[in-house]
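The values are calculated or read from the model by the stated rules, or taken from the named source; none is laboratory data. What you see is a predicted model, and the numbers here were worked out from it, not measured in a lab. Cβ atoms come from the backbone with ideal geometry, glycine included; neighbour counts cover every protein chain shown. What goes into the accessible areas is simple: the full protein's heavy atoms, side chains included, and nothing from ligands, DNA or RNA. Shrake-Rupley method; radii C 1.70, N 1.55, O 1.52, S 1.80 Å.
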Amino acid sequence: MWRLGLVTSAVAALAAGQTFTFTIGSPVASQDGRSKLAAFVFRTEGCADPSKATVDGTAEGLIQGTRKSVALKTVALSTPGVYAVYPTWGADGDWVVNLHGTCAAASAGALIPIGPGGFNRGSSKFFPRPATAQELDAALQTLSQGRRK
C-alpha cells in the first residue's frame, strides 16, 4: 500500500510540474488524412485534459512593408490536443504564425516563421504565455531581413 501511495505521489508531482506548451511538426507527423493540405500541425503538451485546451492564433505578415493580420484556420484532428493549421495567408510577403492557448490556469504561446519552403521549426519560439507584440515584431523583422540577404 505504501508503494502505491509513493507512486501516486510521484506521478502527481510530475504532472503538476509539466508546463503547458506547443510542439510543432510536419502534417505527415499527425498521421491524420485531414492534415494533408495543412501548413503544419501542432500538439498541446502539459495539459491534463487536452480536449479542454483552447487554442487560437493569427498569421501576421509584412507585404511590401505593410503589416497584415489574417485569422488562422485550425482544425482539431482525431488525436486530442493535435491541430492542423491551414495556410490562410498569401504567398507574398513574410509571415509569422502567432499561436496562443490556455489549459486551466496555464497559458502558452508560439511564433512560427513561414518561409518559402513552409514553416521553420528551427526559428520558432515558444513561450509560457502569449507572445508579446514586441516579440512578434522582432520575429517578423528577422524573417524579413533574412529574405533580403
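For segment 56-72, the criterion of being assigned to a strand (DSSP E or B), in contact with a His (Cβ under 7 Å, 6 or more places away or on another chain), surrounded by 15 or more Cβ atoms within 10 Å (Cβ to Cβ) and in contact (Cβ under 8 Å) with a residue 12 or more places away in the chain is satisfied by at least one residue. Across segment 73-95, the number of residues qualifying as under 20 Å from VAL28 (Cβ atoms), among the aliphatic types (A, V, I, L, M) and in a loop (DSSP other than H, G, I, E, B) comes to 1. Summed over segment 112-127, residues that are assigned to a strand (DSSP E or B) and open to solvent by 80 Å² or more (accessible area, probe 1.4 Å) total 2.
Scanning segment 3-28 for residues that are surrounded by 10 or more Cβ atoms within 10 Å (Cβ to Cβ), farther than 29 Å from ALA105 by Cβ and either at pLDDT below 90 or over 20 Å from the mean Cα position of the chain (by Cα) (or both) returns a single hit, VAL28. All conditions but one from (1) out of contact with any helix residue (DSSP H, G or I) (no Cβ under 8 Å at 6 or more places or on another chain); (2) of a type in the set (Ser, Thr, Tyr); (3) open to solvent by 40 Å² or more (accessible area, probe 1.4 Å); (4) under 20 Å from GLY25 (Cα atoms) apply to THR132; the one that does not is (4).
Scanning segment 29-55 for residues that are among the acidic types (Asp, Glu) and not in a strand (DSSP E or B), we see that the one that is farthest from ALA106 (Cα to Cα) is ASP32. I want to confirm something. Restricting to segment 83-98 and keeping residues that are more than 19 Å from GLN141 (Cβ to Cβ) and among the hydrophobic types (A, V, I, L, M, F, W, C), which single residue is surrounded by the fewest Cβ atoms within 10 Å (Cβ to Cβ)? Among those that are more than 19 Å from GLN141 (Cβ to Cβ) and among the hydrophobic types (A, V, I, L, M, F, W, C), it is ALA91.
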